[in-house]
Amino acid sequence: IKNHAGVETAVAQIATYTLPDKSQVTVAANSAVAVDFSDRRRDVALTRGEAFFDVQHDPDRPFVIAAGGRSVTVT
């Protein structure tokens, strides 16, 4: 996945993607994520369904996951 990109999976499809910072996201069936990375932050929005994140450590750029009107920040 590139910066400012998104992916979605179909029904019964599960996929794992490598993000620009080498973090990985596994997107569950019938799910979607949007990615927006900058020099200061790594933002990912779960727009539909479920996803699992394996985040690369970078104390200078927090990894922020937004989902369901809430957000989680990994530092």
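The values are calculated or read from the model by the stated rules, or taken from the named source; none is laboratory data. Computed from a predicted structure; not experimentally measured. All Cβ positions, glycine included, derive from the backbone under ideal geometry; neighbour counts span all protein chains shown. We work out accessible area using only protein heavy atoms, side chains counted, and drop any ligands, DNA or RNA first. Shrake-Rupley method; radii C 1.70, N 1.55, O 1.52, S 1.80 Å.
Backbone geometry of the stretch 52-61 corresponds, through the Karplus equation with coefficients 6.51, -1.76 and 1.60 at θ = phi - 60°, to 3J(HN,Hα) couplings of 10, 10, 10, 8, 6, 5, 7, x, 8, 9 Hz, x marking Gly and Pro.
Per atom type, the chain shows carbon and sulfur on 49% of its accessible surface, probed at 1.4 Å. Residue separation of T47 and A28 scaled by 0.36 nm, minus their Cα-Cα distance, works out to 5.6 nm of gained length.
Each residue of the stretch 28-42 was assigned a 3J(HN,Hα) from its phi angle through the Karplus expression (A = 6.51, B = -1.76, C = 1.60, θ = phi - 60°), giving 6, 4, 6, 10, 8, 9, 10, 10, 9, 9, 9, 5, 10, 9, 10 Hz with x at Gly and Pro.
Summing Cβ point charges (Lys, Arg +1; Asp, Glu -1) relative to the Cα centre of the chain gives a dipole of roughly 80 debye.
Measuring nothing but how far apart in sequence close Cα pairs (under 8 Å, 6+ apart) lie, relative to its length, the chain scores a relative contact order of 25 percent. Inter-label distance, R40 to S71: 1.2 nm, where each label sits 7 Å from its Cα along the C-beta direction. In this calculation the C-beta distance from D58 to I14 is compared with R0 = 22 Å, giving a FRET efficiency of 0.25. Where the alpha-carbon atoms of the chain are placed on the principal axes, they occupy 37, 25, 19 Å, in descending order. Tell me the per residue accessible area of the chain using a 1.4 Å probe; a whole number in Å² is fine. For the chain, the per-residue accessible area is 63 Å².
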